[in-house]
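Read the structure below first, then the notes.
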């Protein structure tokens, strides 16, 4: 829940050091999370954002 993401932040979510809108953040959290998901054969993406908040989709392949 929350205000969602501004357009500029949404466009740069997975760009290192560019997505943060907070003065205390580094802009690396989602970048690292996406790289971890991709290293396991999955992905992390922004599904939607708006006045009610943002929804992210984490996909991972099934385990054998």
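Coordinate-derived values only; no laboratory data. Source: prediction; values computed, not measured. So basically every Cβ, Gly included, is an ideal-geometry build from the backbone, and we count neighbours across all protein chains shown.
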> At what distance in nm do the modelled label points of residue 33 and residue 57 sit from each other, each positioned 7 Å from its Cα along Cα→Cβ?
Replying inline: 1.6
> residue 46 to residue 7: extension gain in nm, 0.36 nm per residue of separation minus the Cα-Cα distance?
Replying inline: 12.8 nm
> Pairing the Cα long axis of helix 29-39 with the longest principal axis of the chain, what angle in degrees results, from 0 to 90 and rounded to the nearest 10?
Replying inline: 20
> Can you give the helix-only mean residue ellipticity at 222 nm for the chain, where every DSSP H stretch with n ≥ 4 adds -39500 (n - 2.57) and the sum goes over all residues, rounded to the nearest 500 deg cm²/dmol?
Replying inline: -6500 deg cm²/dmol
> Comparing 49, 24, 15, which has the greatest mean-square fluctuation in the GNM of the chain with Cα pairs linked when under 10 Å apart?
Replying inline: 24
>> Run the Debye formula on the Cα coordinates of the chain, all scatterers equal and no solvent, and tell me log10 I(q)/I(0) at q = 0.18, 0.22, 0.24, 0.27 1/Å.
In response: -0.69, -0.94, -1.05, -1.19
